[in-house]
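The values are calculated or read from the model by the stated rules, or taken from the named source; none is laboratory data. Quick caveat, the model's predicted, so the values are computed rather than measured. Neighbour counts are summed over all protein chains in view; Cβ atoms, including those assigned to glycine, are modelled from backbone coordinates with ideal geometry.
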Amino acid sequence: MTAWIDYYIALTGHSPEPKQMLLMSLTPVFMLALALEYLVMRHRKRTGHFQLADIFTNFSLGASYQLVELLYHALFLGLAMALLWEFRLTTIEMTLPMWAVLLFAQEFFYYWFHRASHRIRWFWCAHVVHHSGEHMNLSTAMRQSMTYSLNLSQVFWVPLILAGFPPAAVLVAYSINLAYQYFVHTESVGRLSPLVEFIFNTPSHHRAHHGRNDVYIDKNYGGILIIWDRLFGTFQPELDEEPVEYGIPRQVKSRNLFTLNFHEWRDMFGDMLAPGPLHLRLAHLWKPPEWQRPPQIQPASSLDAA
């Protein structure tokens, strides 16, 4: 299991970032869970969301995402976080209680990172890859974009480092959050007890998050917890009368990794290049994905809704 870590250190001269190290080490667990999920759904005669080509695409997207993340950490992120650490307000010793505090604080900032990834087009350009899948099974969690590194979304963890949490601990907390979320990408688990559904992000909540139905768009941003969605008005339960339709409103019908990773970047910069006042052209960077210019100066392309 550690062979890839030794190879990475020999190749780059750096230790891999803790987040990717943990996630890659858990890959056998993830694969076993996917196999068990398939067996359960086959027993229920509900294997429609297990399309081999789709699962292969998810694996490929996950592998390319992890490769770029590892290189990004070696070339830039590790140094950037070390420099931030020099400006910390204090130094927090990572005892068991402080790990609990960090996980809770990281979940708060994850909520805002995830919400920004839907409501700010610059961040949506990366996150759209995850939502472009039209099937829901555990492999959907691996459907990630290699451009997360390029859009500097790591800025959401800066407050934690400046507060005094060690950068490695922040990345470990992030990886725990992501590892938990792997298991909510499934239709094999129905609604859980009301108390669990009230506090935690569950498969039911996350299925709703992945819906392109109007009622589900831009809801349920939590990673491990659902309490921030309830507090900030973005919670939406999965409705029996409104089956979830997975994907994005303007669906990308492609399995090409470059198309899936870059189609929204292409569209966004295309909209920015369309004639019009500079402030409106630049607004495509921070406005929501569905935002359009006033009709008299509207660029030709239509936009995805988050």
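Annotations for the structure displayed:
- Condition broken by F235, with the remaining ones in (1) within 21 Å of A126 (Cβ to Cβ); (2) surrounded by 15 or more Cβ atoms within 10 Å (Cβ to Cβ); (3) touching a helix residue (DSSP H, G or I) at 6+ places or on another chain (Cβ under 6 Å) satisfied: (1)
- Any chance T90 is buried (at least 22 other Cβ atoms within 10 Å of the Cβ), over 18 Å from A173 (Cα atoms), modelled with pLDDT of 95 or more and among the hydroxyl-bearing types (S, T, Y): no
- Checking S254 against (1) touching a His at 6+ places or on another chain (Cβ under 9 Å); (2) within 25 Å of T186 (Cα to Cα); (3) crowded, with 17+ Cβ neighbours inside 10 Å, the condition it does not meet: (3)
- Count of residues meeting criterion [within 13 Å of R115 (Cβ to Cβ) and either among the aliphatic types (A, V, I, L, M) or surrounded by fewer than 17 Cβ atoms within 10 Å (Cβ to Cβ) (or both)] in segment 186-217: 1
- Take the conditions (1) in a helix (DSSP H, G or I); (2) modelled with pLDDT under 95; (3) surrounded by fewer than 15 Cβ atoms within 10 Å (Cβ to Cβ); G48 misses just one of them, which is (1).
- Restricting attention to segment 54-92, the residues being charged (D, E, K, R) and not in a helix (DSSP H, G or I) number 2.
- Test for A173: is it crowded, with 18+ Cβ neighbours inside 10 Å, small (G, A, S), touching a residue at least 24 places away in the same chain (Cβ under 8 Å) and closer than 17 Å to V244 by Cβ: no
- Residue within segment 270-282 that is within 23 Å of Y148 (Cβ to Cβ) and in a loop (DSSP other than H, G, I, E, B) present: no
- Meets criteria (modelled with pLDDT of 95 or more, assigned to a helix (DSSP H, G or I) and either surrounded by 13 or more Cβ atoms within 10 Å (Cβ to Cβ) or not aromatic (F, W, Y) (or both)) for W265: yes
- Listed by first and then second residue, the pairs with beta-carbon distance under 8 Å, at least 6 apart or on different chains, first residue in segment 114-128 and within 13 Å of H284 (Cβ to Cβ), second outside any helix (DSSP H, G or I) and charged (D, E, K, R), are I120/K287; R121/K287; W124/D304.
- Close contacts from segment 58-73, counting a first residue that is under 16 Å from L22 (Cβ atoms) and a second that is charged (D, E, K, R) and assigned to a helix (DSSP H, G or I), with Cβ to Cβ under 9 Å and a gap of 6+ residues or different chains, come to E69/K19; H73/K19.
- Residues of segment 132-160 satisfying the condition of being without any contact (Cβ under 8 Å) to a residue 60 or more places away in the chain and β-branched (V, I, T): V155
- Residue count, segment 220-232 (criterion: of a type in the set (K, R) and crowded, with 18+ Cβ neighbours inside 10 Å): 0
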